[in-house]
1. Given the Cα-Cα distance of residue 88 and residue 143 and 0.36 nm per residue of separation, how much length would full extension add, in nm?
2. Probe 1.4 Å, all protein chains in place: accessible area of residue 145 in Å², nearest 10?
3. Determine the distance separating the Cα centre of the stretch 180-223 from the Cα centre of the stretch 148-171; give it in Å without decimals.
4. In square nanometres and to one decimal, what's the mean projected area of the convex hull around the Cα atoms of the stretch 20-231?
5. Accessible area of the stretch 61-120 with a 1.4 Å probe: how many percent of it is carbon plus sulfur?
6. For the stretch 47-114, what is the accessible area per residue in Å², given a 1.4 Å probe and the full set of protein chains?
7. For residue 150 and residue 196, compute 0.36 nm times the residue count separating them, minus their Cα-Cα distance, and round to one decimal in nm.
8. Find how much the distance from residue 65 to residue 79 grows on full extension, using 0.36 nm per residue of separation minus their present alpha carbon separation; answer in nm with one decimal.
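The values are calculated or read from the model by the stated rules, or taken from the named source; none is laboratory data. Keep in mind that this is a model prediction, so the values were computed, not measured. When we count neighbours, we look across all protein chains shown, and the Cβ atoms used for this are built from the backbone with ideal geometry, even at glycine. Just so you know, the surface numbers come from the protein's heavy atoms only, side chains and all, with ligands and any DNA or RNA stripped out. Shrake-Rupley method; radii C 1.70, N 1.55, O 1.52, S 1.80 Å.
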Amino acid sequence: MELIWEGLKGAFKFLFHGVPEIREITLLSLRIAAWAIGISSAIGLPLGIALGVSTFRGRDFLLTLANTGMGLPPTVVGLWVAIVLWRTGPLGGLKLIYTPTAIIIAEVILTVPIIIALVAAAASDKKAKLHDFFLSLGLNPLQYMWLLLREIRSSVLTAIIAGFGRAISEVGAAMMVGGNIAGETRTLTTAIVLEVSKGEFDRALAISFVLLALSFSITAFITHLQYQQNLK
């Protein structure tokens, strides 16, 4: 209990007295997660809707890949991204290894399947109920997709929440491709791992409380948006 109390006091200090290091780590974690979920949504939403409403050879295989991807081991993703971005790798000339961009790439790979799978399931279910009605309106393909997207907007927000949770909590891939470099690629999760390895459990607890508060606040905000959408 004493250890937890010390962690709580440390978290309070970090949050309200502006310890520069923790503030910097928090902002970097937010920036990386925001970019990751933004890119993942831009890729995952149209692909998820397309897989949900289309019928073609190989569709079931692609859906299986998306569903399997929801459980991708972060360390495996980190390994492959590191190989590709390594100095002697195919994209080594871009010098992206051990940068925030490398972490974003890994997190996009981890979050895109989540968004695709959840959106595809919602789109498929809604299509079964509204397909004939949509056709009776004489919609072109783009209008069809847009109207369907509006119908599943609550499920889309659920997918975004799930993707954000994956991104903000990622540690394995972030350590492998980011290197946990102070002031450059150290995030809240990798900072916790570092403090635990040093035996600084009170500091690790404090950072964990910051991460939990951050995750809860953003999830609560998106959930509120979801609730408002459901009222419309």
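1. 15.2 nm is the gain from fully extending residue 88 to residue 143.
2. Spelled out: residue 145, probe radius 1.4 Å, area about 70 Å².
3. 21 Å
4. Orientation-averaged projected area of the Cα hull: 13.8 nm².
5. 76 percent
6. Heavy-atom SASA per residue in the stretch 47-114 reads 55 Å².
7. 12.1 nm
8. Full extension of this stretch gives 3.1 nm more.
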